[in-house]
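The structure appears right after this line, and notes come after that.
The values are calculated or read from the model by the stated rules, or taken from the named source; none is laboratory data. Predicted model, so just to flag it, every value in this text is computed and none were measured. In this analysis, Cβ positions are derived from the backbone assuming ideal geometry, glycine residues included, and neighbour counts consider all displayed protein chains.
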Amino acid sequence: MYRPSIIHGLRLYSTKSTRKRELIDRIIRVDHAGELGADRIYAGQMAVLGKSSVGSVIQHMWDQEKEHKAKFEELIPKYRVRPTVLVPIWNVAGYVLGAGTALMGKEAAMACTVAVESVIIDHYNSQLRELISLGKEENKELVEIIKKFRDDEMDHHDTGLKHDAELTPAYNALTLVIKTGCKAAVWLSERI
Amino acid sequence: YTCKAAMNSAGLNNLFLGFLQVSQRIRVGGVSASSAAWMNEQAAEDRHTLPEDDDSLDDANKGTEEQLKHQILEAALPFVHSRGWSQDAIAQGAESLGYSSMAHGMFPSGGVDLVNHFYAQCNTRLHESLKTTVNEMEKNPQLKKGTTTFIADAIEERLRMNIEFIDSWAEALALHASPRNAAMALRNIGTLVDHIWYHAGDRSYDFGWYTKRGILAAVYKSSELCMLQDKSEDFQDTWTFLNRRLSDVHKISKYSHDASSYTKDFSQVAKAGIFTVLNIMGMNSKSRS
């Protein structure tokens with residue numbers, strides 16, 4: 001007898017509108033998780049480097065991330081999206097990452113910023129591609145928001161490079177580890 | 001239509017469905033009338049309201065297959081009283097619409113598809129009804145209810161929708177409990193509690209989203225089970241049970257709130273004690289001038 005897999009059962013009434021729904025659900029969930037993580041990373045960095053010479057730079061970037069997070073927190077109930085279960089974990093992990101890299105020095109903190117932002121930029125770009133392919137006009141609001149945030153993140157990335165990120169000892173290894181961690185976090189938050 | 005189906009897409013399934021529909025329509029209304037009715041059905045409604053309400057144009061074939069399944073399940077519901085939540089009921093439903101009873105083959109999971117259809121339909125009805133209630137409360141502030149009352153009324157309304165099939169509802173829940181169907185059952189109750197909380201005013205975006213819905217799901221499930229063996233007048237026992245559960249939840253949340261403020265004060269006292277000891281031992285070098 002033909003026994004469909006569970007996925008088939010869940011998608012019994014899948015249509016274009018449910019696919020779009022699922023895509024938007026996934027996008028907003030992971031973006032909120034990302035901004036939450038970024039907010040906590042900068043908080044950790046400020047806790048250590050707040051009074052140093054890069055304190056004001058980090059503060060400026062942190063304020064922008066706070067804006068981003070607030071925007072997604074507004075979008076979650078608006079689009080009836082489920083937030084990620086791992087919110088408490090990202091809270092802690094982000095702070096630890098920020099404080100940890102800041103303890104390694106100013107350059108390491110900037111390197112962490114560069115690594116995280118480059119993953120986020122690629123991520124936002126692929127989301128933009130998906131949304132635009134689904135319909136630029138229908139998803140205009142989300143497309144505009146993600147575009148603006150992506151541009152902000154690119155600024156952060158460049159700021160990090162400008163402030164001697166590449167002078168960190170073991171720059172390549174550090175950024176590789178952080179990038180892999182971020183990609184894993186993104187993968188998880190998209191699903192749960 | 002059959003030519004179009006063949007040109008358009010995935011194989012025999014669609015061809016079969018198309019043939020079914022065409023044969024039914026021709027039998028009912030003659031060729032030109034049936035094609036006119038067909039055109040009307042294909043016109044999609046554009047409803048651009050909230051993003052959550054957006055139902056954009058579906059793939060033509062996918063849409064009609066869904067519509068057909070929907071129609072058959074809808075027609076099968078009256079037969080549940082006599083045949084239970086089974087493929088038999090679906091077959092009867094298909095026959096009542098003029099299709100062959102073999103159409104139950106479109107539902108490989110059998111009776112549980114019927115249960116899910118009914119559950120989803122009730123959820124949608126509740127969603128519409130709660131939306132209307134919220135709109136009315138906004139227009140007329142006198143009608144405003146407290147959150148707990150709103151939730152109690154919403155659960156009662158939703159449970160009352162089960163009364164129609166209360167005799168066979170135990171069978172439906174048993175089908176949902178089976179591991180194969182558990183994922184879909186979880187999705188059903190998830191949608192339900194999400195609707196209730198959203199309309200009750202919850203706009204949370206952190207872990208509280210999960211705790212709130214988890215608690216409500218537990219309350220709803222226990223009330224549903226209570227209703228299965230309730231023999232009182234108009235299910236009064238169930239509503240009393242529901243109110244007791246909700247007041248328990250209220251009590252627990254109040255106590256946990258009190259407890260957390262208690263621990264905050266306690267931690268401050270403990271900190272002060274530790275610093276005193278450090279000062280005495282001379283180890284608190286930070287606050288030495």
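Summary of values
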item	result
Close pairs from region B:192-213: first on the phi > 0 side of the Ramachandran plot, partner surrounded by fewer than 16 Cβ atoms within 10 Å (Cβ to Cβ) and part of a helix (DSSP H, G or I), Cβ under 7 Å, at least 6 apart	B:Gly201/B:Thr147
Residue within region A:106-121 that is at the interface with chain B (Cβ under 10 Å from one of its Cβ atoms) and not charged (D, E, K, R) present	no
Looking only at region B:194-216, and only at residues there that are among the aliphatic types (A, V, I, L, M) and buried (at least 19 other Cβ atoms within 10 Å of the Cβ), the one that is farthest from the other protein chains (Cβ to nearest Cβ)	B:Leu216
Filtered residues of region A:135-145 (kept if surrounded by 13 or more Cβ atoms within 10 Å (Cβ to Cβ) and in contact with a helix residue (DSSP H, G or I) (Cβ under 7 Å, 6 or more places away or on another chain))	A:Asn139, A:Leu142, A:Val143, A:Ile145
Residue check, A:Lys140 in contact (Cβ under 8 Å) with a residue 24 or more places away in the chain and more than 24 Å from A:Trp187 (Cβ to Cβ)	no
Residue, nearest to the other protein chains (Cβ to nearest Cβ), within region B:217-257, restricted to residues that are within 23 Å of the chain's Cα centre (by Cα) and either at positive phi or among the small types (Gly, Ala, Ser) (or both)	B:Ala217
Residue that is more than 14 Å from chain A (Cβ to nearest Cβ), crowded, with 16+ Cβ neighbours inside 10 Å and within 18 Å of the chain's Cα centre (by Cα), where the choices are B:Asn162, B:Asn123, B:Asn116	B:Asn162
Region A:72-122: number of residues that are buried (at least 20 other Cβ atoms within 10 Å of the Cβ) and among the basic types (Lys, Arg)	1
Unique match (being more than 14 Å from chain B (Cβ to nearest Cβ), over 19 Å from A:Leu36 (Cβ atoms), surrounded by fewer than 18 Cβ atoms within 10 Å (Cβ to Cβ) and of a type outside the set (S, T, N, Q)) among A:Lys162, A:Lys148	A:Lys162
Residues that are touching a Leu at 6+ places or on another chain (Cβ under 7 Å), within 11 Å of chain A (Cβ to nearest Cβ) and surrounded by 18 or more Cβ atoms within 10 Å (Cβ to Cβ), drawn from region B:175-193	B:Asn181, B:Met184
Subset of region A:15-30 [under 22 Å from A:Val87 (Cα atoms) and either within 12 Å of chain B (Cβ to nearest Cβ) or at pLDDT below 90 (or both)]	A:Arg21, A:Glu22, A:Ile24, A:Asp25, A:Ile28, A:Arg29
Inter-residue pairs, beta-carbon under 9 Å, first among the aliphatic types (A, V, I, L, M) and in region A:157-183, second surrounded by fewer than 19 Cβ atoms within 10 Å (Cβ to Cβ), 6+ apart	A:Ala165/A:Tyr171; A:Leu174/A:Met104
Total residues in region B:220-246, condition hydroxyl-bearing (Ser, Thr, Tyr) and in contact (Cβ under 8 Å) with a residue 24 or more places away in the chain	3
Which numbered condition B:Val80 fails, given (1) within 14 Å of chain A (Cβ to nearest Cβ); (2) surrounded by 19 or more Cβ atoms within 10 Å (Cβ to Cβ)	(1)
Residue count, region A:140-190 (criterion: within 25 Å of A:Arg129 (Cα to Cα) and β-branched (Val, Ile, Thr))	6
Number of the exception - A:Pro88 against (1) touching a helix residue (DSSP H, G or I) at 6+ places or on another chain (Cβ under 7 Å); (2) within 14 Å of another protein chain (Cβ to nearest Cβ)	(1)
Selected residue [crowded, with 19+ Cβ neighbours inside 10 Å and out of contact with any Pro (no Cβ under 6 Å at 6 or more places or on another chain)] from B:Gly146, B:Gly111, B:Gly98, B:Gly105	B:Gly111
